[in-house]
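The values are calculated or read from the model by the stated rules, or taken from the named source; none is laboratory data. No experiment lies behind these values; they were computed from the predicted model shown. Quick reminder, even Gly has a Cβ in these numbers, built from the backbone with ideal geometry, and neighbours come from all protein chains shown. Surface areas here come from the heavy atoms of the whole protein model, side chains and all, with no ligands, DNA or RNA. Shrake-Rupley method; radii C 1.70, N 1.55, O 1.52, S 1.80 Å.
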Amino acid sequence: MISKEHKKHASLARPALGDFARNEWAILGAPCINIKLLADTIINALSATYKCAYADTSHNDEVILPPGRIANGASLEYTDQINYQQFNYRTPLKPVKFRQQFEEADLVLVNGNHQQAKAQVVIIYENKKASLQKRIEQLTNVQLILLDDRVDEVFDFIQEAVPGWQTLPIYRLSDIEKIISFFDTQIQKAKPVLNGLVLAGGKSTRMGFDKGLINLYGKEQRYYVADLLKPFCNEVYISCRPDQKKEVRDSYKTIEDTFTGLGPFGAILSAFREDPDKALLVVTCDLPLLDADTLQHLIANRNVSTIATAYENNIDGLPEPLITIWEPKSYPVLLAFLAQGYSCPRKVLINSEIALLKAPDPNALTNVNTPEDMEKIKRELHQKIAAS
């Protein structure tokens, strides 16, 4: 007999997404053509810096026939349009699918006359007053009010429905520079907080003992790297296997691997599982020459519009995944690669849009994998000390 008792789902931290993405605004209250023109202007001004997206619905008078093979029964059609890529779906898309499509967008503008979003921009436009009043329940998080040039006051029903409306920025629809500045500022405010993650959960097979325990500076290497990260990060965690956690000092926070058997890939996913809205400065513990200048350069050149900011290997030019800033938008990308059978962080970086930097001192990226590597590093450190 199957029990009808309610089974609780696993407790997972959900990212702060709306219907489409993290940063989304529905623009409503004006004719659709005005909304489209405003969106065009904003996107044109910001697209050089941010990934901008737009969501809308066609009017009935614009719909003629389904495109291409969709009309003949295909469920999905892809076309390389040379200047852009196009997907056509037969099946209506659910919010989960929308979020997958818009996951890398920094800004999503939505025609609020047809679609909803977690934040709203309200246009006070006399001829659309009745239409706006019908959508009053959509005004859950109004952040900007725009007055058409023929209107001087905010509608009474808006004043009643939007708490603290007087404190919101209120611009003329023609105040284009102010409107663009508003969105630019909001995107900058939404820049993900940076946490640090020290990778110390490996089995160190080639070294013969836990590399996190290497002691070159009077402290174990996992603590040395964690302390290096602290000035640059909101919180710093040491990634470890469950059996290692009891060995880590109480003064250091840990994140246990919950995606087991996947090495560094699983450690990164485990950290995002804990907090999917924070960016991760991921650094492996076996970089004994790593210094603050190398970290500072990486952070100063961080590009939040990409999924990651990484250093290139000075030998093969490939990205170094284990000293990289992984943005929250990389989380679904990593999961998508895992679903296709890939668990290599470097492969994700190679096949994604990232910011790739040259390290100011390539030697700082030298890692130790064997006892011979460690002896070589010791000699280099002794030489530096003797030279100074």
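Some observations on this one:
- Within region 281-386, trypsin sites (Lys or Arg not before Pro) in DSSP loop having at most 15 other beta-carbon neighbours inside 10 Å: Lys358
- GNM on the chain, alpha-carbon springs under 10 angstrom: the most fluctuating residue among Ala310, Ala267, Ala53 is Ala53.
- Since only Leu281, Thr91, Leu338 are under comparison, the one whose Cα sits farthest along the positive direction of the charge dipole of the chain, derived from C-beta charges on Lys, Arg, Asp and Glu, is Leu338.
- Taking every full run of DSSP H in the chain, the ones that stretch at least 15 Å from end to end by Cα along their long axis and average 0.5 or higher on the Kyte-Doolittle scale are 32-46, 263-274.
- Residue-count net charge about Tyr84 - beta-carbon cut-off 15 Å; Lys, Arg +1, Asp, Glu -1: -1
- Modelled FRET efficiency - R0 41 Å, Tyr78 with Leu262, Cβ distances, 0.05 increments: 0.85
- Considering only chymotrypsin sites (Phe, Trp or Tyr not before Pro) in DSSP loops that have at most 11 other Cβ atoms within 10 Å, the longest stretch of the chain without any of them is 210-388.
- By the compact-protein rule of thumb, 2.2 N^0.38 Å, the alpha-carbon radius of gyration of the chain corresponds to a ratio of 1.20.
- Taking the chain as a Gaussian network of alpha-carbon nodes connected by springs under 10 Å, the highest mean-square fluctuation of the residues Leu228, Leu365, Leu12 belongs to Leu12.
- In nm, spacing of pseudo-spin labels at Leu12 and Leu37 (7 Å Cα→C-beta vector): 4.4
- Placing R0 at 56 angstrom, the Cβ-Cβ distance between Asp243 and Glu153 gives a FRET efficiency of 0.25 after rounding to 0.05.
- For the options Pro95, Pro276, Pro328, a Gaussian network treatment of the chain with springs between C-alpha atoms closer than 10 Å singles out Pro95 as fluctuating the most.
- GluC sites (Glu not before Pro) lying in DSSP loop within region 216-272, provided at most 16 other Cβ fall within 10 Å: Glu235
- Residues in region 262-388 average 44 Å² of solvent-accessible surface per residue, probe 1.4 Å, ligands and nucleic acids excluded.
- Area of Thr167 that stays accessible when all protein chains are in place (1.4 Å probe, Å², to 10): 120
- The residues packed around Arg69, meaning those with a beta-carbon under 11 Å from its beta-carbon, carry a net charge of 0 if Lys and Arg are +1 and Asp and Glu are -1.
- Accessible area of region 1-133 belonging to carbon and sulfur atoms, whole % at 1.4 Å probe: 52
- Size of charge dipole - the chain - debye, nearest 20, with Cβ of Lys, Arg +1 and Asp, Glu -1, no other charges: 1060
- Beta bridges assigned by DSSP with both partners in the chain are antiparallel in approximately 30 percent of cases.
- Calculated FRET efficiency for the pair Gln186/Lys97, C-beta based, R₀ 41 Å, to 0.05: 0.95
- Virtual spin-label span in nm between Glu353 and Ala336, 7 Å along Cα→Cβ: 1.2
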